[in-house]
Amino acid sequence: MKEHFQLTTADILKRKHFENSIVIAGEEGIHRTVKWVHVVEVTSIRNLLNGNELILSTGVAWKDNVNLFVSMVKEFIDNNAAGLCLEMGTYMSGVPSEVIDIANDVQFPIIIFQKEVPFVEITQDIHSVIINQQYQKISDLENYSQSLNKRLLTIETYEDILQFIFSALDVQIIFRLKNQEYEFVPEINRQEQISIIAKLQEAKTQPYDHIASAPIFLFGQEYAELVVYSKDIPISEYDSLILDRTATALAQHLLRDLYVEEKKRVEEFEWLHGWLDGEHSLEDIHEYLVENGIKPKTSDVAVLITKQIPVKEKSSKDVTYFKLLFRSVFEQNGFAVFFVEKRNEITFILLNNRTKKNLKERIKKAIESIQDSEFIRQQTSAKLIIAAGKFIQSLSEVHKSYQTAKETLRIQQKMTNKQIYHFYEDLHLYRLISQMSKHTDLHELASEYLHPVIQYDQQYNGKLLETLKAYLECNGSKQETSNKLFIVRQTLYHRLHKLENLLGEDFMEHEKRVAIEFMLLVHDYLSASQFKKANQAL
């Protein structure tokens, strides 16, 4: 390392007042880091130490009690003290062998002064060194940050940033983009790489002070990882701070690259519009994908349309970051992503990039991840809805998925369901109702079957419509229906008798029952549509 700000016991032994000192135990531990100097003349110190203190003492508190002396040394060791310095002559003439054995077992340094020394001058001297080192650390860290920020304006690749941190620390730098291979700066042979990668894996489960890592997050997800590895000297606090600053700079650079790349995709819109309209041949589509470096493993494709309600003017930055988020999440779930932006809608074309065909499950997972992201939660001015079209197994038939996605969006906007996304294949009868509404007066059709029940509920609050829905959903099971409605059997029998009077005793026979169930869906569809209109009027 080019800079080493860790003061050790060995460094202190070279300073004034330590000329006549002797290390009598734990000599191999003199390279422990010293963060402060503390004078201890009491027998209880557990609340006085924070770790890495060099202890100065005359031994007055335990001079006549070997057991207490042993106990104190154990407390120093348990509290991760850097070492113990004892003044001989005033209160103590020697150190018991029991204490020396304990110290040697864990290489805890015990140093003796052979004559009286000024503790005040020792603490003042060492503390001034520590404070100066801290000041130098802050100054160098600030200089590093400023230099790095200036370079960010001209740096073209993240490799330049990796080279910059290597120049500052002179340790092995390891970097990895998610789902890619590790990169090493400077370059080392394959055998050494394998050895370091093994140590990286071990460091994730157990402490290892020769490795420090910093994850790089974009849009709330880990996008890359930066690691520093020192073979000989443990990673210092200064190294860790440099690592954190560099990781932040890398995140800014990677985000900028993604943003610029996303801006360039504006040029693709015209071609993509043609693809959605079915204007391109299969040969043209494959040529376009090859030009964009995409080789999908299957021909499975789906179109999603996203929309914000109510519509509000958004800055291009907001839209761009939303597209970045969408692309990032879907790519992690195995899709190549193209998009077309139109007014307040963004249409996404998803190409399956995995051999597995669980498209629906992966799309659901991606949408839920987007919904839970901090970026979406902060967009409180509009409600996001997502409509998924039919899954297609031909790249030249994307327009079919697009048309069904638009139909899904039309239906979804008439539904009161709070779910932000729907799939075309899940709408079933709602698709039929939507088509029928274009050619038939559904109000009149639904009224033909349900008007007596609705009218009765309006006059007497009889809850017959609710009972009818539950009874049909429970396939005519009276026990399940009463449990679902939380009513007693007698109340249910009374309501069913009323329904028979209003709908006819044959309302549970197959054909009539199917018609009534369908009309209940029509009624819900129309009620939701009227509710939307009322809210818009308000």
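The values are calculated or read from the model by the stated rules, or taken from the named source; none is laboratory data. A quick note: this is a predicted structure, and the numbers were derived from the prediction, not measured. Every residue, glycine as well, gets a Cβ built from its backbone with ideal geometry; the counts of neighbours run over all protein chains shown. SASA here: full protein model, heavy atoms, side chains in, ligands and nucleic acids out. Shrake-Rupley method; radii C 1.70, N 1.55, O 1.52, S 1.80 Å.
Scanning the range 13-39 for residues that are part of a loop (DSSP other than H, G, I, E, B) and closer than 15 Å to residue 88 by Cα yields 17, 18, 19, 20.
Contact map, the range 87-112: first residue closer than 23 Å to residue 31 by Cβ, second residue open to solvent by 20 Å² or more (accessible area, probe 1.4 Å) and among the basic types (Lys, Arg), Cβ cut-off under 9 Å, separation 6 or more or different chains; pairs are 102/74; 107/32; 108/32; 109/32.
How many residues, within the range 344-360, are of a type in the set (Val, Ile, Thr) and closer than 17 Å to residue 424 by Cβ?
Matching residues across the range 344-360 total 2.
Taking the range 49-60 as the range and being in a loop (DSSP other than H, G, I, E, B), surrounded by 13 or more Cβ atoms within 10 Å (Cβ to Cβ) and out of contact with any Ser or Thr (no Cβ under 6 Å at 6 or more places or on another chain) as the test, the residues that pass are 49, 59, 60. Scanning the range 324-358 for residues that are assigned to a helix (DSSP H, G or I) and surrounded by 21 or more Cβ atoms within 10 Å (Cβ to Cβ) yields 326, 327, 328, 329, 330. The set of residues in the range 61-71 that are part of a loop (DSSP other than H, G, I, E, B) and surrounded by 13 or more Cβ atoms within 10 Å (Cβ to Cβ) comprises 61, 62, 63. Would you say residue 221 is of a type in the set (S, T, N, Q) and touching a residue at least 60 places away in the same chain (Cβ under 8 Å)? Criteria met by residue 221. Applying a threshold of 7 Å to beta carbon distances and a minimum spacing of six or more residues, or different chains, the list of pairs starting in the range 326-348 at a residue that is modelled with pLDDT of 90 or more and ending at one that is small (Gly, Ala, Ser) reads 329/366; 329/369; 330/366; 333/366. The number of residues in the range 384-405 that are over 17 Å from residue 279 (Cα atoms), at pLDDT 90 or above, touching a strand residue (DSSP E or B) at 6+ places or on another chain (Cβ under 7 Å) and open to solvent by 10 Å² or more (accessible area, probe 1.4 Å) comes to 1. Among all residues of the range 170-190, there is none that is open to solvent by less than 50 Å² (accessible area, probe 1.4 Å) and part of a helix (DSSP H, G or I). Kindly indicate whether any position in the range 360-371 is open to solvent by 30 Å² or more (accessible area, probe 1.4 Å), touching a His at 6+ places or on another chain (Cβ under 8 Å), under 25 Å from residue 292 (Cβ atoms) and modelled with pLDDT of 90 or more. Checked the range 360-371: no residue is open to solvent by 30 Å² or more (accessible area, probe 1.4 Å), touching a His at 6+ places or on another chain (Cβ under 8 Å), under 25 Å from residue 292 (Cβ atoms) and modelled with pLDDT of 90 or more.
Can you find a residue that is touching an Asp or Glu at 6+ places or on another chain (Cβ under 8 Å), under 23 Å from residue 256 (Cα atoms) and surrounded by fewer than 17 Cβ atoms within 10 Å (Cβ to Cβ) anywhere in the range 142-156? Yes; the residues of the range 142-156 include at least one that is touching an Asp or Glu at 6+ places or on another chain (Cβ under 8 Å), under 23 Å from residue 256 (Cα atoms) and surrounded by fewer than 17 Cβ atoms within 10 Å (Cβ to Cβ).
Filtered by the rule that a residue be farther than 29 Å from residue 211 by Cβ and either in contact (Cβ under 8 Å) with a residue 40 or more places away in the chain or touching a helix residue (DSSP H, G or I) at 6+ places or on another chain (Cβ under 6 Å) (or both), the range 120-172 gives 121, 122, 123, 125, 126, 127. Kindly provide the set of residues from the range 110-132 that are buried (at least 16 other Cβ atoms within 10 Å of the Cβ) and outside any helix (DSSP H, G or I), ordered by number. The answer is 110, 111, 112, 113, 117. Here the helices (runs of 4 or more DSSP H) wholly within the range 203-294 that include at least 3 residues being under 30 Å from residue 193 (Cα atoms) and open to solvent by less than 20 Å² (accessible area, probe 1.4 Å) are 237-264.
The rows are residues; the columns are (1) among the small types (Gly, Ala, Ser); (2) farther than 24 Å from residue 133 by Cβ.
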| position | (1), (2) |
| --- | --- |
| 212 | yes, no |
| 225 | no, yes |
| 239 | no, no |
| 246 | no, no |
| 251 | yes, yes |
